[in-house]
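The structure appears right after this line, and notes come after that.
The values are calculated or read from the model by the stated rules, or taken from the named source; none is laboratory data. Keep in mind the model is a prediction, meaning the values are calculated, not measured. Heads up, the Cβs are rebuilt from the backbone with ideal geometry, glycines too, and the neighbour counts pull from every protein chain shown. The area values use the complete protein model at the heavy-atom level, side chains included, leaving out ligands, DNA and RNA. Shrake-Rupley method; radii C 1.70, N 1.55, O 1.52, S 1.80 Å.
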Amino acid sequence: MTTTAPTTNGRVIALAHYSARALLEGVLTRHGITFEQSVTLRVVTVAGGAVERDALVTDVIGSLKSDPAVVRGVIDELTAAKLLEQDPARPSRLRLTDAGRELYETTTAETAEISARLYAGIPAEDLAVAGRVLTLLTERANAELAGA
């Protein structure tokens with residue numbers, strides 16, 4: 001198989017990622033949560049506010065490429081902080097508490113404002129191309145990880 005060097009330096013993509021993540025983490029730090037906790041709260045929110053524990057672990061691992069023990073630790077932290085709780089009707093499920101939902105909504109609103117400023121003035125066509133390229137890179141990296 002012949003490989004060709006990318007025409008765009010991968011470092012450019014990495015710098016954009018880390019710059020945006022630093023802004024996000026600034027918001028999260030002000031609210032007392034970590035990036036990993038935020039990703040976990042997002043998964044539960046997107047699932048409708050409650051999710052099976054095992055599905056939550058699997059989804060967060062897929063997003064963060066993290067160790068299962070680390071993800072379970074994050075879930076334990078969120079439960080201890082009363083942002084997630086066990087569903088009394090279905091003990092295998094975790095659900096957002098009111099505090100967890102409020103925190104997620106607050107941090108999402110703040111980061112949406114930052115994102116709006118970052119993406120302002122970039123033509124929709126350029127954003128669409130960037131999205132397709134980054135999706136392809138993610139798919140290829142995930143395939144590499146699966147084969148590792």
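Evaluation of S66 against the conditions (1) of a type in the set (S, T, Y); (2) over 22 Å from E110 (Cα atoms); (3) surrounded by fewer than 16 Cβ atoms within 10 Å (Cβ to Cβ) shows that the sole unmet condition is (3).
A130 meets each of the listed conditions (1) of a type outside the set (S, T, N, Q); (2) surrounded by fewer than 11 Cβ atoms within 10 Å (Cβ to Cβ); (3) under 23 Å from H17 (Cβ atoms) apart from (2).
Considering the range 44-61, the residues that are out of contact with any helix residue (DSSP H, G or I) (no Cβ under 8 Å at 6 or more places or on another chain) and over 18 Å from T97 (Cα atoms) include one that is most open to solvent (accessible area, probe 1.4 Å), namely D54.
Test of understanding: among L136, L96, L41, which residue is open to solvent by less than 60 Å² (accessible area, probe 1.4 Å) and either closer than 22 Å to Y18 by Cα or among the aromatic types (F, W, Y) (or both)? Steps first, please.
Working: L136 fails: open to solvent by less than 60 Å² (accessible area, probe 1.4 Å); L96 fails: either closer than 22 Å to Y18 by Cα or among the aromatic types (F, W, Y) (or both).
Matching residue, one of L136, L96, L41: L41.
Quick check on my filter: what residues within the range 103-119 are under 19 Å from H17 (Cα atoms), open to solvent by 70 Å² or more (accessible area, probe 1.4 Å) and without any contact (Cβ under 8 Å) to a residue 24 or more places away in the chain? Those that are under 19 Å from H17 (Cα atoms), open to solvent by 70 Å² or more (accessible area, probe 1.4 Å) and without any contact (Cβ under 8 Å) to a residue 24 or more places away in the chain: E113, R117, Y119.
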